[in-house]
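What follows is one structure encoded as structure tokens, with my remarks underneath.
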Amino acid sequence: MAADTGIASVIPAKAVAELSGHQGAVRAVRFNRDGNYCVTCGSDKTVKLWNPNSGLLIKTYVGHGQEVLDADSSYDNSRLVSGGADRTILIADVSTGKVIKKYHKHSSRVNCVKFNSDATLVVSGSYDATVRIWDCRARGNDSFQILTEAKDSVPSLQLSKQEILTGSVDGKVRRYDIRMGQLYCDTIGAPVTSVSFSRDDQCVLASTLDNKIRLFDKDTGELLNDYKGHKNEDYKLDSLLSHTDAHVVSGSENGKIYFWDLVEGTLVHTVNHSKSTSDRECIVYSISHHPRHPCLLSASSYGPVTVWKPHDWEPSEKVP
């Protein structure tokens, strides 16, 4: 689908760089808080830190015994947290690469990990159907709280200043208000594999294994819109809102990235994640949007991570 002049400056649909270094599938790609760096992780058991603007690989972090499924960076860029199929959560010092914390209490693979806003806590979701909260300041290596409401795997979670948002294969989206001690639950029915907050914190976006993405009002649970056209039946794929909340973006099991208009619900653009997609179909597992600019990162079942900018972006411009 070709870009028209109306979206040439707002949708990051022009591949401008590739981050090559992983062997095999890249399971997650995440911008850091200010968008100057990103972390990736994958089937080669490593976590990598990059400058996505220059394409420079800054450092590789090791310590997991099996593939790494998710990673996140602290707000001050001093630490990385990662979780993997080895049931382990590692916290590493960014500068030295040394593992400074190791948590091994989940009974199955760790699907997702996140730091809270000041990096004093780590929250993890697992195939064992639990969400665990870890105090990074504590000397011990046990979680201080376990959320057991999910009845199946927890593939995705997001944090706000006072809330934990989780999606589960049991078909429910759960929102824990930590400050008020309350749980809110919305039943979708189909397995939920990706959840996120809108930038204005008013809505929740949820991907499900029925080829749909749904947008809900966070407070009332009202279904505001749904988005279709991509393929998502078997795998956990990231979906998210753009930096302005104007577009919904998702990976797909057919090697493409899809962009929808948030309000209208219409599909406005698609791009192939890889130039080789026509020869070998890939799964676009993970995407990450820059917090302030129209820049997207995408990662898939094979090949490098791709950096995307709008079609009217030129290399001579200052890269955000």
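The values are calculated or read from the model by the stated rules, or taken from the named source; none is laboratory data. This is a predicted model, so every value here is computed, not measured. Cβ atoms come from the backbone with ideal geometry, glycine included; neighbour counts cover every protein chain shown. The accessibility values were calculated without ligands, DNA or RNA, using every heavy atom of the protein model including side chains. Shrake-Rupley method; radii C 1.70, N 1.55, O 1.52, S 1.80 Å.
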Candidates Lys231, Lys236, filtered to the one that is in contact with a Pro (Cβ under 6 Å, 6 or more places away or on another chain) and not in a strand (DSSP E or B): Lys236
Residue in the range 109-127 that is without any contact (Cβ under 8 Å) to a residue 24 or more places away in the chain and closer than 19 Å to Gly83 by Cα present: yes
Hits in the range 147-180 - residues which are outside any loop (DSSP other than H, G, I, E, B), without any contact (Cβ under 8 Å) to a residue 60 or more places away in the chain and closer than 16 Å to Leu240 by Cα: Leu157, Gln158, Leu159, Leu165, Thr166, Gly167, Val173
Enumeration of residues in the range 53-90 that are of a type in the set (A, V, I, L, M, F, W, C) and more than 18 Å from the chain's Cα centre (by Cα): Leu56, Leu57, Ile58, Val62
Where Gln66 falls short, out of the listed (1) part of a loop (DSSP other than H, G, I, E, B); (2) open to solvent by less than 30 Å² (accessible area, probe 1.4 Å); (3) touching a strand residue (DSSP E or B) at 6+ places or on another chain (Cβ under 6 Å); (4) of a type outside the set (A, V, I, L, M, F, W, C): (2)
Selected residue [basic (Lys, Arg) and touching a strand residue (DSSP E or B) at 6+ places or on another chain (Cβ under 8 Å)] from Arg175, Arg179: Arg175
Options Asp186, Asp142, Asp200; residue that is more than 20 Å from Gly84 (Cβ to Cβ) and modelled with pLDDT under 95: Asp200
Matching option when the condition is of a type in the set (Phe, Trp, Tyr) and open to solvent by less than 40 Å² (accessible area, probe 1.4 Å), among Phe216, Phe144: Phe216
Residue in the range 25-32 that is assigned to a loop (DSSP other than H, G, I, E, B), of a type outside the set (A, V, I, L, M, F, W, C) and under 23 Å from Ser95 (Cα atoms) present: yes
Conditions (1) open to solvent by 40 Å² or more (accessible area, probe 1.4 Å); (2) on the phi < 0 side of the Ramachandran plot: number failed by Ser242: (1)
Some residue of the range 270-282 being under 14 Å from the mean Cα position of the chain (by Cα) and open to solvent by 50 Å² or more (accessible area, probe 1.4 Å): no
Among the residues listed as Arg109, Arg137, Arg132, the single one being modelled with pLDDT under 95, open to solvent by 20 Å² or more (accessible area, probe 1.4 Å) and not hydroxyl-bearing (Ser, Thr, Tyr): Arg137
Selection from the range 43-85 of residues that are out of contact with any Ser or Thr (no Cβ under 9 Å at 6 or more places or on another chain) and under 25 Å from His293 (Cβ atoms): Asn51, Pro52, Asn53, Ser54, Leu56, Ile58, Ser73, Ser74, Asp76, Asn77
Failed item, numbered, when Ser250 is tested on (1) of a type in the set (S, T, N, Q); (2) closer than 19 Å to Ser274 by Cβ; (3) open to solvent by 40 Å² or more (accessible area, probe 1.4 Å): (3)
Qualifying positions in the range 181-202 - in contact (Cβ under 8 Å) with a residue 12 or more places away in the chain and either under 15 Å from Lys161 (Cα atoms) or open to solvent by 60 Å² or more (accessible area, probe 1.4 Å) (or both): Leu183, Tyr184, Cys185, Thr187, Ser196, Phe197, Ser198, Arg199, Asp200, Asp201, Gln202
